[in-house]
Amino acid sequence: MKDRSQALFAQAERLIPGGVNSPVRAFKAVGGAPVFMNAGRGARICDVDGNEYIDYVMSWGPLILGHTHPAVVAAISAQAEKGTSFGAPTPLEVELAGLIIEAFPNLEMVRMMSSGTEAVMTAIRLARAFTGRDRIVKFAGCYHGHSDALLARAGSGVATLGLPDSPGVPGSLAELTITIPFNDPGAVAAVFAKHGPDIAAVIVEPVAGNMGVVLPQPGFLSRLRELTRAHGSLLIFDEVITGFRLAWGGYPGGGGIDPDLTCLGKIIGGGLPVGAVGGKRAVMEQLAPLGPVYQAGTLSGNPLAMAAGLATLTILRESTECYEAMKRYAFSLCEEMQGLFNRKGMPVTINRLDSMFTIFFTAGPVCDLDTARRSDTELFARFFRGMMSNGVNPPPSQFEAWFVSLAHDLLDAEKTLEACARTLETM
Ligand SMILES: *Cc1c(COP(=O)(O)O)cnc(C)c1O
């Protein structure tokens, strides 16, 4: 029964472009009307028709503790009683900045804002101002939010909907963004050989999550550090997904790589709108009011978002076992699902790092956008619909990550596997 969802979607389509406020929610890639959600608790969500699902979207990453974690809800409520926004600094911002800087050895200062898009946009502006250069290098399939400079060959919704580079971005701006394949150090070297003195920054998701999960090959990230350093360019890690997802702090495999700027979002807001950019003091001090690079926000460092983020990070810091637990859950779920696909004789490639994974419907390997695109998206769509009708909510696109939270337990794993087995019977 999806009657209420369908009625709401029909109404929404008249009022909101495509009926949604963010494109991948529209189920364009998987068919049918999107499911409207009503409530969530732990690993489960309920739609407006009363159907329950084990959730692997988890708000696209932020809800690492699960839906409506009591500590997060209490923190938000307590702050709401005191005030939702002042347009003046509050103690919570200082506390959250302190926690983030403690967790990221390479960060000396951090500026809070309201979305990951804003964080990346600011990082790019800072890199350009700091280096006095204009060109940016990014990787095909990496998504860095929807700011003009970064929509070229972006992942996520852009990949899902098969859109060309977005109209509305001036050619003169788009041509400053050079896009090359992920995991291709030769392409990076070639770009630096040609444009080295003009490159302000290389931006990368250290583990790609927006073309589906794609791990960096050994040596790829350290090569980026070498080349950027040799040419006086900045290295920007976009850790909006990976920050606090894989470990307390940033991508653990990035240890020692030491990017100049790091973008954060998602988990640090505990499910409320947030973004942050952090980095070396010399670069961060370029930001107004200390420096000339302007950046601002009416709701930046919003007390509710700071309270939710603080509650979330505090639990992650205090629970030494939490990352191991999520990793164990995802590992065994992926192993068992792989077994079901094997028995069915259906070739899939499951790329996983700890608690994030993607099931690509291709024999693989998947190591960049081109190999991700070899996936059979029709087959993925059938799998997705089968899982939904069996009570599991995977991301509605082949090119997105499934997220496991601390709330997912053995019963959820069992039910997910049952749903997978039942779905495969019908395929
Ligand atoms: C989600 C995401 C963003 C954008 O964050 P928003 O809060 O949606 O603006 C940027 N970079 C990466 C890697 C992301 O996954």
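The values are calculated or read from the model by the stated rules, or taken from the named source; none is laboratory data. Since the model is a prediction, treat every value here as computed from it, not as a measurement. Note: ideal-geometry Cβ built from the backbone for every residue, glycine included; neighbour counts use all protein chains shown. We work out accessible area using only protein heavy atoms, side chains counted, and drop any ligands, DNA or RNA first. Shrake-Rupley method; radii C 1.70, N 1.55, O 1.52, S 1.80 Å.
If a residue must be under 25 Å from the mean Cα position of the chain (by Cα) and of a type outside the set (Val, Ile, Thr), how many such residues does region 3-50 contain? Reasoning before the result, please.
Narrowing region 3-50 to residues under 25 Å from the mean Cα position of the chain (by Cα): 16-47.
Filter again for of a type outside the set (Val, Ile, Thr), leaving 17-19, 21-23, 25-29, 31-34, 36-44, 46-47.
Qualifying residue count for the region: 26.
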Residues that are part of a loop (DSSP other than H, G, I, E, B) and surrounded by 20 or more Cβ atoms within 10 Å (Cβ to Cβ), drawn from region 336-353: 348
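Looking only at region 89-114, which residues are of a type in the set (Ser, Thr, Tyr) and buried (at least 20 other Cβ atoms within 10 Å of the Cβ)?
The first filter runs over region 89-114 and keeps only residues of a type in the set (Ser, Thr, Tyr), leaving 90, 114.
Listed by number, the list holds a single entry, 114.
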What pairs can you find where one residue is in region 407-427 and in contact (Cβ under 8 Å) with a residue 12 or more places away in the chain and surrounded by 16 or more Cβ atoms within 10 Å (Cβ to Cβ), the other is among the hydroxyl-bearing types (Ser, Thr, Tyr) and in a helix (DSSP H, G or I), and their Cβ atoms are less than 6 Å apart, with a gap of 6+ or different chains? 408/329
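Tell me, please, whether a residue that is at positive phi and surrounded by 24 or more Cβ atoms within 10 Å (Cβ to Cβ) can be found in region 190-204.
Checked region 190-204: no residue is at positive phi and surrounded by 24 or more Cβ atoms within 10 Å (Cβ to Cβ).
Please find, among 262, 242, the residue that is assigned by TED's automatic domain parsing to the domain that holds residue 127 and away from the ligand (no atom under 11 Å from the Cβ). Don't jump to the end; show me each part of the working.
Working: 242 fails: away from the ligand (no atom under 11 Å from the Cβ).
Exactly one residue qualifies, and that residue is 262.
Looking at the structure I just gave you, is residue 330 closer than 23 Å to residue 33 by Cβ, open to solvent by less than 30 Å² (accessible area, probe 1.4 Å), at pLDDT 95 or above and in a helix (DSSP H, G or I)? Walk me through it before giving the result.
Values: closer than 23 Å to residue 33 by Cβ: no; open to solvent by less than 30 Å² (accessible area, probe 1.4 Å): yes; at pLDDT 95 or above: yes; in a helix (DSSP H, G or I): yes.
In short, no.
Which helices (runs of 4 or more DSSP H) does region 56-134 wholly contain that include 2 or more residues that are within 15 Å of residue 273 (Cβ to Cβ) and under 22 Å from the mean Cα position of the chain (by Cα)? Break it down stepwise before answering.
Numbers: elements: 70-82, 91-103, 116-131.
Ranges flagged: 116-131.
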Those residues that are open to solvent by less than 50 Å² (accessible area, probe 1.4 Å) and touching a Lys or Arg at 6+ places or on another chain (Cβ under 7 Å), I need them from region 54-88; list them, please. 54, 55, 61, 62, 64, 67
So, in region 115-131, of the ones that are among the small types (Gly, Ala, Ser) and within 15 Å of the ligand (Cβ to nearest atom), which residue ends up most open to solvent (accessible area, probe 1.4 Å)? 115
All positions within region 24-46 that are touching a helix residue (DSSP H, G or I) at 6+ places or on another chain (Cβ under 7 Å), open to solvent by less than 30 Å² (accessible area, probe 1.4 Å) and under 21 Å from residue 380 (Cβ atoms): 24, 26, 30, 34, 35
Being outside any helix (DSSP H, G or I) and either within 19 Å of the chain's Cα centre (by Cα) or within 20 Å of residue 45 (Cβ to Cβ) (or both) is the requirement here; does residue 395 meet it? yes
Pull out all pairs, ordered by first then second residue, where Cβ-Cβ is under 7 Å, the residues are six or more apart or on different chains, the first lies in region 196-214 and is near the ligand (Cβ under 10 Å from one of its atoms), and the second is in a helix (DSSP H, G or I) and of a type in the set (A, V, I, L, M, F, W, C). 204/224; 206/221
